[in-house]
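> Structure in structure tokens, see below.
The values are calculated or read from the model by the stated rules, or taken from the named source; none is laboratory data. If you're wondering where the values come from, they're calculated on a predicted model, not measured in any experiment. Positions of Cβ are backbone-derived with ideal geometry, glycine not excepted, and every protein chain shown enters the neighbour counts.
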Amino acid sequence: MKNPKHRKMSRVAVFVLANALCFCVSMGEESIEAAELRAALDASLKQSTALKSENAKLLQVN
């Protein structure tokens with residue numbers, strides 16, 4: 001039969017590993033969200049630049 005001290009240490013080790021795994025998953029999700037936000041910002045900047053260029057062309061026509 002296992003020593004109660006070893007059983008307690010095993011439980012602590014499992015708890016620590018589970019917390020580390022949860023932390024890694026949450027960091028991964030934040031990284032994905034940051035990448036999505038970066039992509040949306042980049043698309044918005046490109047659209048803004050295109051609209052600015054189109055506006056300048058229309059002002060020249062007038």
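> Would you point out which residue out of A34, A43 is surrounded by 10 or more Cβ atoms within 10 Å (Cβ to Cβ) and modelled with pLDDT of 90 or more? Give the steps one after another, and end with the answer.
Numbers: A34 fails: modelled with pLDDT of 90 or more.
Result of the check over A34, A43: A43.
Listed here are the residues, each with its yes/no results for (1) small (G, A, S); (2) more than 28 Å from the chain's Cα centre (by Cα).
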{"residue": "N3", "(1), (2)": "no, yes"}
{"residue": "H6", "(1), (2)": "no, yes"}
{"residue": "V14", "(1), (2)": "no, no"}
{"residue": "A18", "(1), (2)": "yes, no"}
{"residue": "E36", "(1), (2)": "no, no"}
{"residue": "L51", "(1), (2)": "no, yes"}
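> Out of V25, V14, report the one residue that is at pLDDT below 85 and part of a helix (DSSP H, G or I). Explain how you work it out, then say what you get.
Numbers: V14 fails: at pLDDT below 85.
Answer to the check: V25.
> Still on this model: Looking only at residues that are of a type outside the set (D, E, K, R) and either assigned to a helix (DSSP H, G or I) or surrounded by 10 or more Cβ atoms within 10 Å (Cβ to Cβ) (or both) in segment 53-62, which one is farthest from the chain's Cα centre (by Cα)?
Residues of segment 53-62 that are of a type outside the set (D, E, K, R), as a first pass: 53, 55-56, 58-62.
Of the ones still in play, those that are also either assigned to a helix (DSSP H, G or I) or surrounded by 10 or more Cβ atoms within 10 Å (Cβ to Cβ) (or both) are 53, 55-56, 58-61.
Working: S53: 32, N55: 35, A56: 37, L58: 40, L59: 41, Q60: 43, V61: 44 Å.
Filtering segment 53-62 for residues that are of a type outside the set (D, E, K, R) and either assigned to a helix (DSSP H, G or I) or surrounded by 10 or more Cβ atoms within 10 Å (Cβ to Cβ) (or both), the one farthest from the chain's Cα centre (by Cα) comes out as V61.
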